[in-house]
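Colleague: Input: one structure, supplied below.
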Amino acid sequence: MTELSSKASIIPIVDAAHIKVKARSKPKGRRVDPLALAQVQALLGTESRQADLLIEHLHKLQDRFGHLSASHLAALAQEMRLAQTEVYEVATFYHHFDVVKEGEAAPAALTVRVCDSLSCEMAGARELLAKLPKLLGKEVRVISAPCVGRCEQAPVVVVGQNPVPNASVEAVALKVTAHQVQHVPSGFIDYASYQSAGGYALLKDCMNSKRDLESVIQTLEDSGLRGLGGAGFPSGRKWRIVRAETAPRLMAVNIDEGEPGTFKDRVYLERDPHRFIEGMLIAAWAVGISRIYIYLRDEYHGCRALLEAELAELKRSPPVAGLPEIVLRRGAGAYVCGEESAMIESIEGKRGLPRLRPPYVAQVGLFGRPTLEHNFETLFWVREIVEKGSAWFSSHGKNGRKGLRSFSVSGRVKNPGVKLAPAGITIQELIDEYCGGMQDGHNFYAYLPGGASGGILPAAMNNIPLDFDTLQPYGCFIGSAAVMVLSDQDSAVSAARNLTRFFKHESCGQCTPCRSGTAKAELLISQPKWDTALLAELSAVMRDASICGLGQAAPNPIDCVIKYFPHELV
């Protein structure tokens, strides 16, 4: 007797005529509300319902209704022919989407976000968080927020989508009640002004075969230009690698600078967007790119309006025929999307979960195609380097280093901001020569050379050249050159607690070493006495086993405190 017939023999025989099947009264899952569906259809209009536009369409709902209701999410899922679970998991992944479950009250119509990153915390963010809820009342929601990319203006509060730099309680209250108007930054170079000053002439020469492709790529290689988003991969080599892949090839541009302490891309974008756009189009020409996707962080609302307008002008009156399509995509509040593969997942309309590699983005990137991924500032330099030659760029530098660096400087200096300085400058030279020294009443105590993840060094180590590869022997790195300066009124322990809280908040949760490791690290360093042996074990596991750079670098501030500031742990 077979196994099947053996099992079948013990099943009792039931007369089918006596079986009553209860008809399902409604479809399985949440039913779609007709009114919600009509609202979604009206809001999307004739726009495509393709799956990679999910985040864009979620933004439309959030902007229109102030939150994402369960009925609207269900309606959007039906309209886009996606599973409701897929829409829900994407909506709940990103910090800027307010998902309201059935039966829950919607959030207040206006949200005020108080940045609690390290620079803002040093400038008084905690006091603002304590005072604003009572002052503004229940009609306004006041919440803390991770870095909003304006560290040089600390403390910063964002009212709706309007930033309040150097915020005070009175300034925030005024912004809440006043009519909001987006202003074009002073000194902004628009399309017409950029062209009249010689802009896009180089792009024309490239696309009209007046510039040799090989010579342009060679110039980039000889200049030593490296990726300025943090990884530092040689730009010219990246162009060659992607160009060698099978067409069609795509480009993804990262303007999601969410690293606490970083704001250089925003500053350049607010002043001279077409220098970046021309560099981007030259790169697209050199590599043979058929479509470009620009990923801009959601916190840069004003930049998005400016960029949309300038891209529309470029499309209306292109400087040369045959330009690739440029698609602007909006982030939704997720630091991890600064990682290239997580950004690509987000552009595709999904949760920003970093991918396992290999394959690498250059081979299998956006929509499975070879993808050239670049940071904003890397492309910002392309035009000037090609026009002036590789020797011009590499002629800058100090202490044996070559090139220029855009340092985002914040903290206890007199004049914070973006400082264009020679690569290899020391922190002491940067403070004294570019930032006007320390603030009155503050003495230089410590510094972060590479933002939240780049580690912390004491003021006594003030003669290390700031550049790629120079800080690794000290357990640090330069990353995107976000320099935060601490004084004798601050502590490295407090800084490490702030940064670890940030990493815990921003972990995507995909891998256990990062998800559990950041939470465990925050708990351990919240204690008056640190268990340094256990922290060392935790650090090793996170570095060795985390999928992406977030978990791998999250222990850096803690390790540096233990190594360089043991007196604070006594």
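The values are calculated or read from the model by the stated rules, or taken from the named source; none is laboratory data. Note that the coordinates shown come from a computational prediction; the quantities given were computed from them, not determined experimentally. Glycine also receives a Cβ, built like all others from the backbone with ideal geometry; neighbour counts cover every protein chain displayed. Surface areas here come from the heavy atoms of the whole protein model, side chains and all, with no ligands, DNA or RNA. Shrake-Rupley method; radii C 1.70, N 1.55, O 1.52, S 1.80 Å.
Colleague: In what order, largest first, do Leu213, Leu202 sit by accessible area if the probe radius is 1.4 Å? Intermediate results must be reported in sequence, preceding the final value.
Modeller: On the way: Leu213 45, Leu202 5 Å².
Ranked from most to least accessible, the order is Leu213, Leu202.
Colleague: Order these peptides, 291-301, 464-474, 518-528, 97-107, by their mean beta-carbon neighbour count within 10 angstrom, highest first. Walk me through the intermediate numbers first.
Modeller: Working: 291-301: 22.5, 464-474: 18.1, 518-528: 15.6, 97-107: 12.7.
Final packing ranking: 291-301, 464-474, 518-528, 97-107.
Colleague: Something else: Taking all pairs of distinct Cα atoms, average 1/r, flip it, and tell me the Kirkwood hydrodynamic radius of segment 221-369 in Å to one decimal place. Kindly include the intermediate steps, with their values, before the conclusion.
Modeller: Values: mean 1/r = 0.0625 Å⁻¹.
After inverting the mean inverse Cα-Cα distance, the result is 16.0 Å.
Colleague: Could I ask something else about it? Tally the DSSP beta bridges in the chain and give the antiparallel ones as a percent, rounded to 5.
Modeller: Values: 20 of 51 bridges.
Taking every DSSP beta bridge within the chain, about 40 percent pair in antiparallel fashion.
Colleague: Then there is this: Among Thr532, Cys476, Thr512, whose Cα lies farthest out toward the positive end of the dipole of segment 470-544, if unit charges sit on the beta carbon of Lys, Arg (+1) and Asp, Glu (-1)?
Modeller: Among Thr532, Cys476, Thr512, the one farthest towards the positive end of the dipole of segment 470-544 is Thr512.
Colleague: Follow-up. Pop a pseudo-label 7 angstrom from the Cα along the beta-carbon direction at both Gln472 and Glu47 and give the gap in nm to one decimal.
Modeller: Label-label distance for Gln472 and Glu47, simple model: 4.3 nm.
Colleague: Work out the charge dipole of the chain with +1 on the Cβ of Lys and Arg and -1 on the Cβ of Asp and Glu about the Cα centre, then indicate which of Leu53, Pro458, Val320 is farthest towards its positive end.
Modeller: Leu53
Colleague: Another question, if that's okay. Taking the Cα centre of segment 168-253 as the origin and placing charges on Cβ (Lys, Arg +1; Asp, Glu -1), which of His183, Leu250, Tyr194 is farthest toward the positive end of the dipole?
Modeller: Sorting the options by dipole projection puts first Leu250.
Colleague: By how many nm would the segment from Ala533 to Ala197 lengthen if fully extended, with 0.36 nm per residue of separation less the alpha-carbon distance? Show your work: numbers first, answer last.
Modeller: Values: separation 336, 0.36 × 336 = 120.96 nm, distance 5.99 nm.
Result for the pair: 115.0 nm of gain on full extension.
Colleague: Suppose every K and R has +1 on its Cβ and every D and E has -1 on its Cβ; what is the size of the dipole of segment 159-294 about the Cα centre, in Debye to the nearest 20?
Modeller: Dipole magnitude for segment 159-294 comes out near 300 debye.
Colleague: Aspartates and glutamates near Lys504 by alpha-carbon distance under 12 Å, same-chain residues fewer than 8 away left out - which ones?
Modeller: Glu522
Colleague: Among (i) 26.1, 93; (ii) 25.5, 79; (iii) 23.0, 87, which is the computed Rg and Dmax of the Cα atoms in Å?
Modeller: Label (i) holds the value from this structure.
Colleague: Among all helices in the chain defined by DSSP H, which have a length of 20 Å or more along the axis from Cα atoms plus a Kyte-Doolittle mean of at least -1.0? Spell out each step's value before the answer.
Modeller: On the way: long enough: 273-287 (21 Å, 0.87); 301-316 (23 Å, -0.24); 492-506 (21 Å, -0.37).
Qualifying helices, which must be both long enough and hydrophobic enough, are 273-287, 301-316, 492-506.
Colleague: Here is a follow-up. Using per-residue counts of other Cβ atoms within 10 Å, averaged over each peptide, order 349-356, 362-369 from highest down.
Modeller: On the way: 349-356: 20.4, 362-369: 17.8.
Top of the packing list down: 349-356, 362-369.
Colleague: Now, a different point. Checking the table Lys60/Lys131; Lys138/Lys175; Lys414/Lys520 against a 28 Å threshold on Cα-Cα, which pairs fail?
Modeller: Violating the 28 Å Cα-Cα cut-off are Lys60/Lys131; Lys414/Lys520.
Colleague: Order the following by accessible area, largest value first: Glu170, Glu373, Glu127, Glu47. Probe radius 1.4 Å; ligands, DNA and RNA are ignored.
Modeller: Details: Glu170 135, Glu373 20, Glu127 105, Glu47 80 Å².
Of Glu170, Glu373, Glu127, Glu47, the descending order of accessible area is Glu170, Glu127, Glu47, Glu373.
Colleague: About the Cα centre of the chain, how large is the charge dipole given +1 on each Lys and Arg Cβ and -1 on each Asp and Glu Cβ? Please answer in debye to the nearest 20.
Modeller: Numbers: 63 positive and 62 negative charges, 270 e Å.
Its charge dipole is roughly 1300 debye.
Colleague: Over the chain, what percent of the accessible surface lies on carbon and sulfur atoms, probe 1.4 Å?
Modeller: Numbers: 13130 of 25070 Å².
Ligands and nucleic acids excluded, carbon and sulfur reach 52 percent.
Colleague: Once you charge only the Cβ atoms, +1 for Lys and Arg and -1 for Asp and Glu, what is the size of the charge dipole of segment 103-167 about its Cα centre, to the nearest 20 debye?
Modeller: Working: 7 positive and 6 negative charges, 31 e Å.
Dipole magnitude for segment 103-167 comes out near 140 debye.
Colleague: Quick check: the distance between the Cα centres of segment 495-570 and segment 251-307, to the nearest angstrom?
Modeller: 31
Colleague: Check the chain for me: any Cys whose beta-carbon has no other cysteine beta-carbon within less than 4.7 Å?
Modeller: Cys147, Cys151, Cys206, Cys303, Cys337, Cys435, Cys476, Cys508, Cys511, Cys514, Cys548, Cys560 - these cysteines have no disulfide-compatible partner (Cβ-Cβ under 4.7 Å) in the chain.
Colleague: Moving on to the next point. Rounded to the nearest 10 Å², what accessible area does Asp63 have for a 1.4 Å probe in the complete protein model?
Modeller: The accessible area of Asp63 comes to roughly 90 Å².
Colleague: So what is the 222 nm mean residue ellipticity for the chain from helices alone, if each DSSP H run of at least 4 adds -39500 (n - 2.57) and you divide by all residues, rounding to the nearest 500 deg cm²/dmol? All intermediate terms of the calculation are to be shown ahead of the outcome.
Modeller: Working: 24 runs with 230 residues, N = 570.
Calculated from helices alone, the mean residue ellipticity at 222 nm is -11500 deg cm²/dmol.
Colleague: Could I ask something else about it? At 0.36 nm per residue, and after removing the present C-alpha to C-alpha distance, how many nm does the segment from Gln218 to Asp63 gain when stretched out fully? List each step's numbers first, then the result.
Modeller: Numbers: separation 155, 0.36 × 155 = 55.80 nm, distance 4.57 nm.
Extra length from Gln218 to Asp63 when fully extended: 51.2 nm.
Colleague: What is the gain in length, in nm to one decimal, between Glu433 and Ser317 on full extension, counting 0.36 nm per residue of separation less the C-alpha to C-alpha distance? Kindly include the intermediate steps, with their values, before the conclusion.
Modeller: Details: separation 116, 0.36 × 116 = 41.76 nm, distance 4.30 nm.
Between Glu433 and Ser317, full extension yields 37.5 nm more.
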